[in-house]
Amino acid sequence: MLKSIRILLSIATFYDYEIWQMDVKTAFLNDNLEESIFMSQPEGFITQGQEQKVCKLNRSIYGLKQSSRSWNMRFDTAIKSYGFDQNVDEPCVYKKINKGKVAFLVLYVDDILLIGNDVGYLTDVKAWLATQFQMKDLGETQYVLGIQIIRDRKNKTLALSQATYIDKMLVRYSMQNSKKDLLPFRHGVHLSKEQCPKTPQEIEDMRRILYASAVGSLMYDMLYTRPDICYAVGIVSRYLFNPGLDHWTAVKIILKYLRRTRDYMLVYGGKDLILTGYTDSDFQTDKDSRKSTSGSVFTLNRGAVVWHSIKQGCIADSTMEAEYIAACEAAKEVVWLRKFLHDLEVVPNMNLSITLYCDNSGAVANSKEPRNHKRGKHIERKYHLIREIVQRRDVIVTKITSEHKITDPFTKTLTAKVFEGHLESLGLRDMYIR
């Protein structure tokens, strides 16, 4: 859902579409129940003389396990009756295209985003929705899922900011007055299970620290708008079961980095609408398992829309194998992205293959056809799926020089100069600096 919203916002920025927002009041009360469900009489509304009786629910209410599904089915039926088509690959995205007029609708629980190229067309959709449900018109979108949207229509840019969330997070973990850090993860530092608490006193001391809560808060920020902390958050999340002081220090470094970069925003705004992918891997840098880390990022309209940094599921025997595994995972993401964008019908050239850049010649060659049987015969079969994806022409895996690769921040620690140089390519920058 998050990547779908980022993709649609990126497209809307490129075409200068309208981006409106609506809210459904008491959304979960809109559907009749299919099941027979009973509840105790509500406090204050008990019928005298019938205290032993229970109430049978006629409609869905908040708190039922099926409430969200019932509401979603009710909305789906209604919006399709108005002529919208549901996206097969992202069920919460709907489209309606008629004689050059385009309208996209994104439903997230009870929040609705309306995106389109014709004010009158979108106004009609809003008016119809108001006849079906109790709606609150929020006008042009200022916030979506807690993310601030800062739009410059004159220069055709749109920025996503979580500065307010970062401020609250820093206060929550008493880091609002801390020093600022240049990097989310110190260059050359390695964490391991050897740094976990060993004595009962050390374990008791760490229980007082909100380690899991802090990592979860950082993950929320990373998933929404901050690909620059993806690798660092992935590393510290490996020690949730028994974190030590060194692990907690690494978490605080991420918070210090966010304090310095609170005004960094994920910005969309370019001269072309071409989806481009990049993939990378380190080699056996996890000191505990000797597994490698896969990294990938996809950009659209000069900003990142999808990113990953994930420890691989098996131990790679060579850098080629690690890069090949990473490329396969990225290629699977391409399959979804290509289908999703093709169904939107507004992104050009989606009948052509998506370019996926990789800096390892062996991985590029093996993605096209089997090479060097002796060194690669042991690779798990599931990773050879990339060859089928390449043969279907969903993706073209292309060699790129290391200096032009923007996935390094997702797989390894970097010096401050090199790290900062990659952020502009990801679309991350401080919009307040002119």
Completion exercise
With the dipole of the chain defined by +1 on each Lys or Arg Cβ and -1 on each Asp or Glu Cβ, the option from Gly421, Gly270, Val251 whose Cα lies farthest towards the positive pole is Gly421
Completion exercise
Most exposed first, judged by fewest Cβ atoms within 10 angstrom, Arg260, Arg153, Arg208 run Arg208, Arg153, Arg260
Problem - Cα-projected label distance for Asp85 with Lys332, points at 7 Å along beta-carbon direction, nm - result: 2.8
Practice task
Place a +1 charge on the Cβ of each Lys and Arg in the range 234-376 and a -1 charge on the Cβ of each Asp and Glu, then give the dipole magnitude about the Cα centre in debye, rounded to the nearest 20.
Solution key: 360
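Span-like helices, the chain: DSSP H, alpha-carbon axial extent 27 Å or more, mean Kyte-Doolittle 0.5 or greater, which ones?
In the chain, no H run is both long and hydrophobic enough.
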Handout entry: Modelled FRET efficiency - R0 51 Å, Thr164 with Asp118, Cβ distances, 0.05 increments
Key = 0.95
Exercise for the section: Amide H neighbours of Thr157 under 5 Å, at least 5 residues apart or on other chains, H built in the peptide plane: list them. Expected result: Asp152
Fill in the blank from the handout: Along the range 20-27, Karplus-curve 3J(HN,Hα) (6.51, -1.76, 1.60; θ = phi - 60°) to the nearest Hz, with x for Gly and Pro, reads 10, 9, 9, 10, 8, 6, 6, 4
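Listing Phe185, Phe45 from the residue with the fewest other Cβ atoms within 10 Å to the one with the most, what is the order?
Ascending Cβ contact count within 10 Å gives the list Phe45, Phe185.
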Handout entry: Taking Trp307, Trp336, Trp20 and counting other C-beta atoms within 10 Å, the order from fewest to most
Key = Trp336, Trp20, Trp307
Handout entry: Among Leu182, Leu114, Leu352: highest mean-square fluctuation, GNM of the chain, C-alpha pairs under 10 Å
Key = Leu352
Exercise for the section: For Lys136, go through the lysines and keep the ones whose alpha-carbon is under 18 Å away, minus same-chain ones fewer than eight residues off. Expected result: Lys25, Lys126
Fill in the blank from the handout: Dividing the helical contributions, -39500 (n - 2.57) per DSSP H run of n ≥ 4, by the residues of the chain yields a 222 nm value, nearest 500 deg cm²/dmol, of -11000 deg cm²/dmol
Exercise for the section: May I ask you to list the lysines whose Cα is less than 17 Å away from that of Lys193, ignoring any residue fewer than eight positions away on the same chain? Expected result: Lys287, Lys291, Lys311
Exercise for the section: Using θ = phi - 60° and the Karplus relation 6.51 cos²θ - 1.76 cosθ + 1.60, list the HN-Hα couplings for the range 303-313 in order, rounded to whole Hz, with x at every Gly or Pro. Expected result: x, 5, 10, 9, 8, 8, 9, 9, 5, 5, x
Exercise for the section: Sticking with the crude label model, points 7 Å out along Cα→Cβ, report the distance from Lys25 to Lys136 in nm, one decimal please. Expected result: 0.9
Practice task
Have a look at Ile310, Ala363, Leu337 and report the one farthest towards the positive end of the charge dipole of the range 286-434, computed about the Cα centre with Cβ charges (Lys/Arg +1, Asp/Glu -1).
Solution key: Ala363
Exercise for the section: On each of the three principal axes of the Cα atoms of the chain, give max minus min coordinate, whole Å, ordered largest first. Expected result: 76, 64, 50
Handout entry: Rg ratio (alpha-carbon, reference 2.2 N^0.38 Å) - the range 312-362
Key = 1.43
Exercise for the section: Calculate the dipole size of the chain relative to its Cα centre from +1 charges on Lys and Arg beta carbons and -1 charges on Asp and Glu beta carbons; express the result in debye to the nearest 20. Expected result: 600
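Readers should treat all values here as calculations from the given coordinates under stated rules, not as data from a laboratory. In this text, all values refer to a predicted model and were calculated from it rather than measured experimentally. Because the Cβ atoms are built from the backbone with ideal geometry, glycine has one as well, and the counts that use them run over all protein chains shown.
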